[in-house]
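Please read the structure below before turning to the comments.
The values are calculated or read from the model by the stated rules, or taken from the named source; none is laboratory data. Every value quoted in this text rests on a predicted model; they were computed, and no experiment measured them. Cβ atoms come from the backbone with ideal geometry, glycine included; neighbour counts cover every protein chain shown.
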Amino acid sequence: MSRREIVIHDDPRLRKKSRRVRKITPQVQELVEDMIETMRSANGIGLAAIQVGVPKRIIIVQAPPEDEESEEWGPLYAVINPKLARRSREMEEGIEGCLSVPGWVGEVTRHGIVTVKGSDVKGRPVRIKAEGLLARIFQHEIDHCDGVLFIDHIDDPEKLWPVTEGEEEAAEAAQQVPGVETKPDVLA
């Protein structure tokens, strides 16, 4: 496993649709391992392959502990060719950041519950029902596969603000948004 460089927002590769993975090879499995190491070393909670410069439809997702007292992270998901199979009508606003858009966070509206379909790293079909933050992370990462950044969902400049680079998940961002009591997490 090795850590890879994260592609930043001004790189045109982030704006292109990633290609489907036709066959899960040892190289794909190695890429997934590298993505996990890269995400964790950057303190992220999700990462798409395009963010490490590989235009393949692969995402890594792991929800952080639900509260500050817990150290238990949610399950780690590596999904090949992910797609949203279902979306709730219920929409929720939340704070997002992105490893490819360092130094910025914003308020984004997403579906509250989603069902994600794809394959695992062994090629077995997976179907994941996610809600809340986990649903938000999946939508954020699948957007990356389609060349969409979280900032594309923000139409009001008041809903996007700078933070100290590397502090996107810190309370600093929550303090800058009136009425927001939870800390934002850095999506990727």
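Residues being touching a helix residue (DSSP H, G or I) at 6+ places or on another chain (Cβ under 8 Å) and either under 21 Å from ILE80 (Cα atoms) or not in a loop (DSSP other than H, G, I, E, B) (or both): count how many of those fall in region 90-125.
So the count comes out to 20.
Can you tell which of VAL7, VAL61, VAL79 is in contact with a Gly (Cβ under 9 Å, 6 or more places away or on another chain) and surrounded by fewer than 20 Cβ atoms within 10 Å (Cβ to Cβ)?
Testing whether each residue is in contact with a Gly (Cβ under 9 Å, 6 or more places away or on another chain) and surrounded by fewer than 20 Cβ atoms within 10 Å (Cβ to Cβ) leaves just VAL7.
Any residue at all in region 131-138 that is buried (at least 16 other Cβ atoms within 10 Å of the Cβ), modelled with pLDDT of 95 or more, out of contact with any helix residue (DSSP H, G or I) (no Cβ under 9 Å at 6 or more places or on another chain) and not in a helix (DSSP H, G or I)?
No, there is no match, as no residue in region 131-138 is buried (at least 16 other Cβ atoms within 10 Å of the Cβ), modelled with pLDDT of 95 or more, out of contact with any helix residue (DSSP H, G or I) (no Cβ under 9 Å at 6 or more places or on another chain) and not in a helix (DSSP H, G or I).
Read through the list (1) modelled with pLDDT of 95 or more; (2) assigned to a helix (DSSP H, G or I); (3) more than 25 Å from VAL7 (Cβ to Cβ), then give the number of the only condition that GLN175 fails.
Looking at each condition in turn, GLN175 falls short on (1).
Just need a number here: residues in region 13-32 that are within 15 Å of PRO82 (Cα to Cα), surrounded by fewer than 16 Cβ atoms within 10 Å (Cβ to Cβ), out of contact with any Asp or Glu (no Cβ under 6 Å at 6 or more places or on another chain) and in contact (Cβ under 8 Å) with a residue 40 or more places away in the chain.
Adding up the residues that qualify gives 1.
Restricting the search to region 83-94, which residues are within 29 Å of GLU5 (Cβ to Cβ) and either acidic (Asp, Glu) or touching a Gly at 6+ places or on another chain (Cβ under 7 Å) (or both)?
Selection gives LYS83 alone.
Could you tell me which numbered condition MET35 fails, if it satisfies all but one of (1) in contact (Cβ under 8 Å) with a residue 24 or more places away in the chain; (2) exposed (fewer than 12 other Cβ atoms within 10 Å of the Cβ); (3) in contact with a strand residue (DSSP E or B) (Cβ under 9 Å, 6 or more places away or on another chain)?
With (1) in contact (Cβ under 8 Å) with a residue 24 or more places away in the chain; (2) exposed (fewer than 12 other Cβ atoms within 10 Å of the Cβ); (3) in contact with a strand residue (DSSP E or B) (Cβ under 9 Å, 6 or more places away or on another chain) applied to MET35, the lone miss is (2).
Would you mention how many residues in region 1-38 are within 16 Å of GLU141 (Cβ to Cβ) and among the hydroxyl-bearing types (Ser, Thr, Tyr)?
2
Filter region 46-58 for residues that are among the small types (Gly, Ala, Ser) and under 12 Å from the mean Cα position of the chain (by Cα); which is surrounded by the most Cβ atoms within 10 Å (Cβ to Cβ)?
The residue in question is ALA48.
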